[in-house]
1. What strands (runs of 3 or more DSSP E) completely inside region 1-51 contain at least 3 residues that are farther than 23 Å from residue 92 by Cβ and not acidic (Asp, Glu)?
2. Kindly indicate whether residue 47 is free of Cβ contacts under 8 Å to residues at least 40 places away in the same chain and of a type in the set (A, V, I, L, M, F, W, C).
3. From the residues in region 98-119 that are of a type in the set (S, T, N, Q) and buried (at least 22 other Cβ atoms within 10 Å of the Cβ), which one is farthest from residue 153 (Cα to Cα)?
4. Do we find that residue 53 is closer than 20 Å to residue 138 by Cα, out of contact with any Lys or Arg (no Cβ under 7 Å at 6 or more places or on another chain), surrounded by fewer than 18 Cβ atoms within 10 Å (Cβ to Cβ) and among the hydroxyl-bearing types (Ser, Thr, Tyr) in this structure?
5. Just for region 72-120: of the residues that are polar (S, T, N, Q) and assigned to a loop (DSSP other than H, G, I, E, B), which one is modelled with the highest pLDDT?
6. Could you figure out which of (1) within 14 Å of residue 1 (Cβ to Cβ); (2) in contact with a Phe, Trp or Tyr (Cβ under 6 Å, 6 or more places away or on another chain); (3) of a type outside the set (Lys, Arg) isn't true of residue 39?
7. Yes or no: region 156-168 includes at least one residue that is outside any loop (DSSP other than H, G, I, E, B), without any contact (Cβ under 8 Å) to a residue 12 or more places away in the chain and of a type in the set (Gly, Ala, Ser).
8. Given the options 63, 106, name the one that is in contact (Cβ under 8 Å) with a residue 60 or more places away in the chain and more than 28 Å from residue 16 (Cα to Cα).
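The values are calculated or read from the model by the stated rules, or taken from the named source; none is laboratory data. Every value quoted in this text rests on a predicted model; they were computed, and no experiment measured them. As a convention, Cβ positions derive from the backbone with ideal geometry for all residues, glycine included, and neighbour counts pool all protein chains shown.
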Amino acid sequence: MKAEYIAPAEDGPYHEILTAGGDGLESEVVASVAVIDGETLLTRVDILASAGYSCFQSLRSKNGVVYIGFGEHVFVVDVKLNLIRHHLLDGYFGDLYDSSDLENLNSRFSVLATSASEVLAFGQTGDLLWKQSPLGIDGIIIHRVSAGRLDGEGEWDPPGGWQPFSLIEESGDVLR
C-alpha cells in the first residue's frame, strides 16, 4: 500500500472518501491524498482548509496505516476501518520519520512526527505512544537513534539558534 498527494478532490473509483481537518465550519478541500494498494484506488483523504497551513507536508504508509502531516496536524488513517485520528500540533507540522530515515529505530515505533516544538511517537497500529515538548519554538530535527535514545535539535532563537536535545527512545523523556 502506498499514499501520494493528488489534486484536491480528484475524481477516481475510490472505495471510500474520508475528510480530515474539519471543524464543521470549513468545507474547502485544500489537499487530497490517494491511498493505493497495487493498482486499486482504495481511499481518498480530503484535507480541509481548517487543518491549517504549513510550508511542510509529508506522507508515510506503514503496516496498513497512512500518516499525513499537514498544516497543524498529523492525521493517522486506518484504511481498513475507514477511520481518521487527528493529532493537533503545537504549531506547524514539521516532518515524518520512519526506519528508512533513521537507523536503529525501535521496532515498536512506526513513525515519529515533529512540529515547531515537539516530537510525537506512533506505534505499529497508529496509536500515539508518547509526545514530548517543548523542544524548540521554530522547528525540530531528529538526527539519529542509537543506544535507546533519540538525538536531535530544536530551534529556540530563529534564525539559527539550534540547541541539541536527547530523548529516551522508549518513553520520550528528556535525558538530562
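1. 29-37, 40-48
2. For residue 47, the condition - free of Cβ contacts under 8 Å to residues at least 40 places away in the same chain and of a type in the set (A, V, I, L, M, F, W, C) - is met.
3. The residue in question is 110.
4. Yes; evaluated as a whole, the condition is true for this residue.
5. Step by step, filter region 72-120, then rank; the result is 117.
6. (2)
7. yes
8. Of the residues listed, the single one that is in contact (Cβ under 8 Å) with a residue 60 or more places away in the chain and more than 28 Å from residue 16 (Cα to Cα) is 106.
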